[in-house]
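What follows is calculated from the coordinates using simple rules that are stated; it is not laboratory data. Here the structure is a predicted model, which means the values were calculated and not measured. When we count neighbours, we look across all protein chains shown, and the Cβ atoms used for this are built from the backbone with ideal geometry, even at glycine.
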Amino acid sequence: MLPWVTRKQDFSKPGWHTEPSLGYQLMFEFLRLSPSYELARKANQEGLTEDDKNRLPMDFDQVLATYKLFGNVQRMLNRAWWLKRGIKIFGNPYTKPKTQLLYNLEAGIDVGASNVVASLSSYLNDTRRSEGLGATLLVAIPLGLRRSEIHKQIDLLIGATDEVESEADLKPLITLMGKRLRTKVLFNGLRLLWFRAAKPKWEYWRLGAKAQISKTYSNTLDSSAAKKTDDSGVRYDREMMTRITYRALVKYENIAENAARGRFPSDAPVDKVDFDYLKLRKIILQKNAWEKQERIQIEEIYAKRMAIAK
């Protein structure tokens, strides 16, 4: 597998875990296309011009909050971003709690507090934090008692607390919206926005055909066909595709802009910044050139490591 492609084990790290989903990568890619998110990047890295400030959406504070979590997605490969930031955004920030042996006080040996400090400190500062700081009892269990008596006394101690037995109540910072993620539909939406940026002068019907937006009309229209046609059937299909593509552009622009607010996937109306596809084309080309060089460097490093391993 290519070293920049996420793999199954990337979704479970010490203290963090989540179910693998293409939704995380799709949100990452939609953020790359959001003009609101680009303004947040500029605000953090370059500073905003007066023209930029006049374009800011009313809820720009939400976009800045999302940027603080996700960072500059234009200059990170998806897997590197996931390992550094993504899993801490979408993952559960705790491991399943379990009972811990902090110290074994052997019979007949007088042990001072200093002997147990290291073990106790490690538990409080590391283990318990990774478990989400759930309610916990520190108890001394005299091993000279019968097990039945030990169990009885422990039950009494637990019963005397007001805590309800449950896992740590810590949730991911952001969760994907909806019960069912339509990844193919979302990817086609990405393709539509990419093609719109690459071919800003293309007619809507041509864009929709190329991006496979409609099951009905995408397969009947040739995106490379001549602009003029005498075929009334083709003209009708183009008109219908134009309408479908326009609605799809609005939908997927909304999805990109909602992603910038930490909501994905959502095509709900949003105070979005207008998409300047000429500027977006330049951003995409610069990102693609950077990614190409980054992958070359990673491949060289990976090849050297493999050679040393042999």
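Tabulated results
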read-out: FRET E, pair ASP59, LEU285, Förster distance 25 Å, beta-carbon r, rounded to 0.05; value: 0.30
read-out: Among the listed pairs LYS199/LYS251; LYS184/LYS287; LYS88/LYS279, those beyond 28 Å (Cα-Cα); value: LYS88/LYS279
read-out: Reachable aspartates and glutamates from LYS201, criterion Cα separation under 18 angstrom, eight or more residues apart if same chain; value: ASP222, GLU239, GLU253, ASP274, ASP276
read-out: Enclosed volume per residue, in Å³, of the convex hull spanned by Cα atoms of the chain; value: 242 Å³
read-out: Quotient of C-alpha Rg and 2.2 N^0.38 Å, computed over region 1-128; value: 1.61
read-out: Euclidean distance of C-alpha centroids, region 256-299 and region 1-78, integer Å; value: 9 Å
read-out: Neighbour-count ranking [beta-carbon atoms within 10 angstrom, fewest first] of MET241, MET76, MET177; value: MET177, MET76, MET241
read-out: Theoretical FRET efficiency, 1/(1+(r/R0)^6), r = Cβ-Cβ of GLU299 and ALA107, R0 45 Å, to 0.05; value: 0.15
read-out: Relative exposure of LYS68, LYS272, judged by other C-beta atoms within 10 Å (fewest first); value: LYS68, LYS272
read-out: Share of Cα-Cα pairs in region 205-291 lying beyond 16 Å, as whole percent; value: 64 percent
read-out: Nearest 10 degrees, 0 to 90: helix 183-198 Cα axis against the chain principal axis; value: 50 degrees
read-out: Pairwise FRET efficiency - GLU46 versus ALA226, Cβ, R0 = 41 Å, nearest 0.05; value: 0.40
read-out: Packing-based exposure ordering (other Cβ within 10 Å, fewest first) of ARG32, ARG243; value: ARG243, ARG32
read-out: 3J(HN,Hα) from dihedral phi, region 140-148, Karplus parametrisation 6.51/-1.76/1.60, rounded to Hz, x for glycine, proline; value: 9, 10, x, 6, x, 7, 5, 4, 4
